[in-house]
C-alpha cells in the first residue's frame, strides 16, 4: 500500500453510501461517499478520483436504508365491508413488517374536497411495501375494500 492506495484489485463484498461528518486528516470532504466493505478493510471511493483510499481514520456513519410508506385516503361507503377489509389486511400488514403510523377517520383537510380515512403505513423498505401490496393476502383484502370504499393509494420511499 502506498499513501493509502491499494494497487491490488478489490472484489467488493458490500457497497453502500456513507456520510462523512468529520475528517481527522487529509482525505474526502465532508459529505456522502460510496464505500466498499471487504473482508479485512473498509474502503472509500473518493468522488472524481481514480483511487481508493483506506478510510480507517475518518469518523463516519452508515446512512440508514430509506423506509417505504403506503399512504391512502379512503372514502368508505360500506362500513361493514370496510371492517371486514381491515380484519383481512391487518395480518398481512404485520406479515410484511408494516407499522400503522396514522389511521385517522377525520383528517384535517386543507386542500381538496374529499374527506375520509387517512392511513400511513411504514415498512422497512420500499421493496417490503411493494411486496405487501402485491401479496396474495393483501390482494384478497383489496378486493373486499374495493366493494366498500373508494381509495387513493400511493407507495413512496422515505428519505
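Looking only at the stretch 76-99, decide whether some residue is in a strand (DSSP E or B), farther than 17 Å from residue 151 by Cα, within 26 Å of the chain's Cα centre (by Cα) and free of Cβ contacts under 8 Å to residues at least 60 places away in the same chain. So far as the stretch 76-99 goes, yes, one or more of its residues are in a strand (DSSP E or B), farther than 17 Å from residue 151 by Cα, within 26 Å of the chain's Cα centre (by Cα) and free of Cβ contacts under 8 Å to residues at least 60 places away in the same chain.
If you take the residues of the stretch 140-159 that are assigned to a strand (DSSP E or B) and more than 26 Å from the chain's Cα centre (by Cα), which of them is surrounded by the most Cβ atoms within 10 Å (Cβ to Cβ)? Among those residues, the one meeting the criterion is 149. Might you check whether a residue that is at pLDDT 95 or above, in contact with a helix residue (DSSP H, G or I) (Cβ under 8 Å, 6 or more places away or on another chain), farther than 19 Å from residue 66 by Cβ and assigned to a helix (DSSP H, G or I) occurs anywhere in the stretch 124-134? No; the residues of the stretch 124-134 include none that is at pLDDT 95 or above, in contact with a helix residue (DSSP H, G or I) (Cβ under 8 Å, 6 or more places away or on another chain), farther than 19 Å from residue 66 by Cβ and assigned to a helix (DSSP H, G or I).
Would the stretch 105-118 turn up any residue that is under 15 Å from residue 86 (Cα atoms), in contact with a helix residue (DSSP H, G or I) (Cβ under 9 Å, 6 or more places away or on another chain) and not in a strand (DSSP E or B)? No - not one qualifying residue is present in the stretch 105-118.
The values are calculated or read from the model by the stated rules, or taken from the named source; none is laboratory data. Small disclaimer: the values here were computed from a predicted structure and weren't measured. For neighbour counting, all protein chains shown are included, and Cβ atoms are generated from backbone atoms with ideal geometry for every residue, glycine included.
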